[in-house]
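The values are calculated or read from the model by the stated rules, or taken from the named source; none is laboratory data. Just so it is clear, the structure is predicted and the values come from calculations on it, not from any experiment. We place every Cβ from the backbone using ideal geometry, glycine too, and count neighbours over all the protein chains shown. Note: accessible area is taken over every heavy atom of the protein model, side chains too, but ligands, DNA and RNA are not part of it. Shrake-Rupley method; radii C 1.70, N 1.55, O 1.52, S 1.80 Å.
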Amino acid sequence: MVHSDVQIKEIVSQLTLEEKCSMLSGSDFWHTQAIERLGIPSIMVSDGPQGLRKQDENSSGVNDSIKAISFPCSCASASSFNRETLKKLGSTLGDECQAQNVSTILGPAINIKRSPLCGRNFEYVSEDPYLAGELSASYINAVQEKHVGTSLKHFALNNQEYRRLTNSSDCDVRTIREIYLPAFEIAVKKSQPATIMHSYNLINGEYAGESKWLLTDVLRKEWGFKGLVMSDWGAVSTRWKGVMAGGDLEMPSSGGINDRLVLEKAKNDPELVKKIDESVERILKWVYDFVDNREKGEFDFDKHHEIAREIEEDSIVLLKNSGLLPLDMSKKYAVIGEFAQKPRYQGGGSGHINAKKVSNAIDALKAAGLKFEYAKGFMAEPGKDSAKAKEINESLAKEAMAVAQNADVVLVFAGLPDSFESEGYDRTHMDMPQEQNELIDSLCSSGKKVIVVLHNGSPITMPWVDKVEAILELYLGGEAVGEACVNVLTGKVNPSGKLAETFPLRLEDTPSYMSFANDKTHTSYGEGIFVGYRWYDTRKMNVLFPFGYGLSYTTFKYSDLQLDKSEMTDSDTVKATVTVTNTGSVDGKEIVQLYVSDKTKTAVRPVKELKGFEKVFIPAGKSQKVSFEIDKRSLAWFDVEQNDWYASTGEYEILVGPSSAELPCSAKLNFKTSVQRPIKISENTTLGDLYSNEKAAAILKGLQKSAMQDLENTSESASEALNEEMGAAMMDGSPLRNLMVWGRMSLEEYNSLVEKLKDAVKSE
């Protein structure tokens, strides 16, 4: 039986207030509360999204999870720029959840990568909200097609681990709207996740889980979210405030304490009772959507391991290649680094998977037939005893140098240890362990050709970047990372991933450097909308590797960008089409990216922003046309005065290419809006602002011309002091009241003009 909305409302009416309040929190760490009297079942949730971290029910430990598939972390899968790859991941996890009787997988995690130091960046998608939203919507739809819920998290502005339960993310509204909410908005509108998980932190002094503006006004009323809002684990402060704001389910169980507090408050608060009923109804819909649609599911370890490999192969990023890749199988290699034998394939914390089978590069290289000798080179995890660790690493490095002497090419498997990045704390620097950097430098100095293969969840510095021949970024590639890596190294797979985040040259270059995780109670988002490539590109800063960047074993040429129309209005859409040609000798996939640059100068904006991407397969020597749709939102910025998205009349440039730093194709688009920005008339309203409003400008017509005539009639020396450009600038910044000074207006004329202006723009 599938429960209808009418039946669910009937169940709500049969519950006592005490029973309703008990349903507002979990029964334990992972399960919802059952009401046996009415046959309401309990359902289970589990961590995700890079694998099923279901608690082993034969163990009492909440961190003891069943054997499962470890898929690539989001830092890796986002680099695929491939909606289909995220669908594949979501569909597979949906099957696994059904097979394991898990109603909802807690993910995806889509908080913006504000700083490369955030300890949880490995499970976040991108520094760009459009990319994060589009990929996440594909993942969510695929999971939920299996009648398994998702929990989009962490809503919102949870961009550091430092004091995340008590720290306030202090951010202006425009930045919140343009950077930190759009990924959630896209996912909600395109996929309707079953649940959304509110974050731990405060936003401008108010807990996210107690913000009516966030959970009701924006999420439900504006975006049309229909599911339930649950708390992050332990994120509840004042429970009844959360219910009033639009929060439904507290996780995990508080042992009934918060339920009783809500009950006592509700006995004398009819509005709270109404909100409780709404929450319980949403909880029951969620519960029965899973229970009424149970499927057998599939959890085939071997089959899903291969899917994990395919996802990683689509995500690996080739950062540098002087021609040594793919590997020449006739050469002799030295393989250096413990990660080759014991790869770091996942991050720490709530996403940590108890993998059944993990492949490594050593075994995969042997299977591929490569001739090599292996040396550990360094300890993957730095030792706590620094003196002893130094001695061990010196010995390992010496051994590695000896092995390298007998090789034509050296493969170094390097990266960040587990202890360097995890949920719960942030990094303090972007460097790999010193012994790894020193070993790579020594190998290069010995005259050997070096290829570096990286295992890391976040950007790192690369002091050896100019010395090595090639760099392959694996990120945290899941349990099949060894096979996927070797398939790319040997050319069986042509790399096609691109960076979903910028790799800066140094930490000090990052936009949030002065304000990241350095205050116990407040974090200032002072860089505003200039996050990631928006910051580096606008400031024309050099970076190590730009957003959207990645190489291939073939080459692509972009040409013939066409817009189906050059003029656009508020309700129009424009189709942009570009031709991409595989000019190399190898079949390959290319990630085609479209950016928009606002030339109207109406507001301070980044020099360009990503508004479209497509991943396409193009055989060698062939061409393909790739199309994008541009709408008003593609051009818009968030105007706080209107509390809405706004694109001003004027020229926009459409840019298309292989990365944010390389956009060879461009086209002009002229946009005309019928929306007039609101303007309030006062004595200090500037003439420049008035002239930007058509109705006000019509009334003021002639004033600027008169002022220019006055300038022309001045003496030669005065003209030298006051030129036309200066006059225009002064006019732009002059307050309305100055018309009585240089405009020779009487008080009566001035007051009459003000009333006409107010009436024209309907200003109070």
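Rounded to the nearest 20 debye, the dipole magnitude of the chain is 820 debye, with +1 charges on Lys and Arg beta carbons, -1 on Asp and Glu beta carbons, and the Cα centre as origin. Only lysine pairs 8 or more places apart or on separate chains count here, and in the range 319-381 those with Cα atoms under 26 Å apart total 25. Note that the range 531-618 carries a Kirkwood radius of 15.5 Å, evaluated over its alpha carbons pair by pair. Shown is the FRET efficiency for Asp759 and Asn354, computed with R0 = 51 Å from the Cβ-Cβ distance and rounded to the nearest 0.05: 0.15. Net charge within 11 Å of Gly149 by Cβ-Cβ distance, Lys/Arg positive one each and Asp/Glu negative one each, not counting Gly149 itself? Here the charged neighbours net out to +1. Accessible area per residue (1.4 Å probe, heavy atoms of protein chains only) ranks Leu655, Leu214 as Leu655, Leu214, with the largest value leading.
Equivalent-ellipsoid semi-axes for the range 144-220 (Cα gyration tensor, √(5λ), whole Å, largest first): 22, 14, 11. At a probe radius of 1.4 Å, what is the per-residue accessible area of Phe530, in Å² to the nearest 10? The accessible area of Phe530 comes to roughly 40 Å².
Rounded to the nearest whole angstrom, the semi-axes of the ellipsoid equivalent to the range 241-352, taken from the Cα gyration tensor as √(5λ), stand at 53, 19, 14, largest first. Within the same chain, lysines fewer than 8 places from Lys265 are excluded, and of the rest, those with a Cα less than 27 Å from its Cα are Lys9, Lys20, Lys212, Lys221, Lys226, Lys241, Lys274, Lys275, Lys285. Calculated mean residue ellipticity at 222 nm for the chain: -9000 deg cm²/dmol, from DSSP H runs with n ≥ 4 weighted as -39500 (n - 2.57), summed, divided by the residue count and rounded to 500.
Stokes-Einstein, applied to the Kirkwood radius of the chain over Cα pairs at a viscosity of 1.567 mPa s and 4 °C, places its translational diffusion at 45 µm² s⁻¹. Loop-located GluC sites (Glu not before Pro) in the range 604-677 (DSSP state not H, G, I, E or B) with no more than 16 neighbouring Cβ atoms inside 10 Å: Glu641. Please report, ordered by residue number, every helix of the chain (full DSSP H runs) that is 27 Å or longer along its axis going by C-alpha atoms and whose mean Kyte-Doolittle hydropathy reaches -1.0. Both cut-offs are met by 270-291, 386-405. For the pair Lys226 and Ala34, the difference between a 0.36 nm per residue extended length and the Cα-Cα distance amounts to 66.9 nm. Percent of Cα-Cα pairs more than 19 Å apart in the range 645-705, please. Taking all Cα-Cα pairs of the range 645-705, the fraction more than 19 Å apart is 53 percent. Using alpha-carbon positions, what is the distance between the centroids of the range 561-613 and the range 245-299, in Å? Value for the Cα centre distance between the two parts: 44 Å.
Here the alpha carbons of the range 441-493 define both size measures, Rg and Dmax, at 12.4, 34 Å. For the chain, carbon and sulfur atoms together expose 48% of the accessible surface, with a 1.4 angstrom probe and every protein chain in place. Here the spin labels are modelled as points 7 Å beyond Cα on the Cα-Cβ line, and at Tyr513 and Lys296 they lie 5.9 nm apart.
Cross-link partners for Lys622 among the lysines, with Cα-Cα distance under 23 Å and sequence neighbours closer than 8 places in the same chain left out: Lys492, Lys498, Lys557, Lys575, Lys589. Looking at Ser634, Tyr139, Pro182, which one has the Cα that reaches farthest to the positive end of the dipole of the chain (charges on Cβ: Lys, Arg +1; Asp, Glu -1)? Of Ser634, Tyr139, Pro182, it is Tyr139.
Annotation: extensible slack from Ser623 through Ser746 equals 37.3 nm (criterion: 0.36 nm per residue apart, minus Cα-Cα distance). Remark: the range 503-550 is approximated by an ellipsoid whose semi-axes, taken from the C-alpha gyration tensor as √(5λ), come to 22, 11, 9 Å, largest first. Evaluated over the Cα positions of the range 306-422, the convex hull gives a direction-averaged projected area, one quarter of its surface, of 8.9 nm². Projecting the Cα atoms of Trp464, Gly383, Ser330 onto the charge dipole of the chain, computed from C-beta unit charges around the Cα centre, puts Ser330 farthest toward the positive end. For a modelled paramagnetic label at Glu10, 7 Å from Cα along Cα-to-Cβ, the residues of the range 266-282 in reach, with backbone nitrogen under 20 Å, are 277-278, 280-282. Here Asp277 and Ala729 are evaluated by their C-beta separation; at R0 = 56 Å the FRET efficiency comes out at 0.40. Pairwise Cα distances in the range 25-139 exceed 26 Å in 29 percent of cases. Suppose R0 equals 56 Å. What FRET efficiency, 1/(1 + (r/R0)^6) with r the Cβ-Cβ distance, do Lys331 and Arg260 give to the nearest 0.05? Given R0 = 56 Å and the Cβ-Cβ separation, E is 0.20. Where Lys and Arg each count +1 and Asp and Glu each count -1, what net charge lies around Asp302 among other residues with Cβ under 15 Å from its Cβ? Around Asp302, the surrounding residues sum to -3. For the chain, DSSP calls about 55 percent of its internal beta bridges antiparallel. Note on Glu641 and Glu438: the model spin-label points, each 7 Å out from Cα along the C-beta direction, lie 6.0 nm apart.
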